[in-house]
Amino acid sequence: MNAGAAMSTHHHIDYIEVPSRDLAATKSFFTTVFDFAFTDYGDDYTAFEGVGITGGFFTSPNVSQAKQGATLVVFYSADLEATQAAVEAAGGTVTQAIFSFPGGRRFHFDEPGGSEFAVWSE
């Protein structure tokens, strides 16, 4: 083991897990809009990597919503309007249209499995 490598990732966020009411719809959505590739681990879990962080989606009747106190995962986009259009075309629901905030602009959406995400740009 390379001690330097272990030290460079010590206490870094390493993995996220997000609930989905419809895992197949979630996978299709993220593949279409954000070019995710998935590895399935049984019927109720799928993992992703190579998109800035590794993580997975799991089947759950509960979903992640910031208004209920959940952590909000935020994507970056170089073309916010095009990303919003892609989200809507793939079955996502925009819950907050593009708005300005100090440092940029963003919008929020629910993916087809029910969890909330956001996308920002300068």
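Reported value for the range 12-121: 107 Å³ per residue, from the convex hull of its C-alpha atoms. In terms of overall dimensions, the range 39-89 has a Cα radius of gyration and Dmax of 13.7, 36 angstrom. Estimated from helices alone, the mean residue ellipticity of the chain at 222 nm is -7000 deg cm²/dmol (sum of -39500 (n - 2.57) over DSSP H runs with n ≥ 4, per residue).
Based on Cα contacts under 8 Å between residues 6+ apart, the range 1-115 shows a relative contact order of 28 percent. Charged neighbours of Val94, selected by a Cβ distance under 12 Å, balance to -4 (K, R count +1; D, E count -1). For the range 12-121, a simple Cβ point-charge model (Lys and Arg +1, Asp and Glu -1, everything else neutral) yields a dipole of about 380 debye relative to the Cα centre.
Each reported figure results from applying straightforward, stated rules to the coordinates on display, with no laboratory input. Everything numeric here is computed off the predicted structure, so don't read it as measured data. Neighbour counts are summed over all protein chains in view; Cβ atoms, including those assigned to glycine, are modelled from backbone coordinates with ideal geometry.
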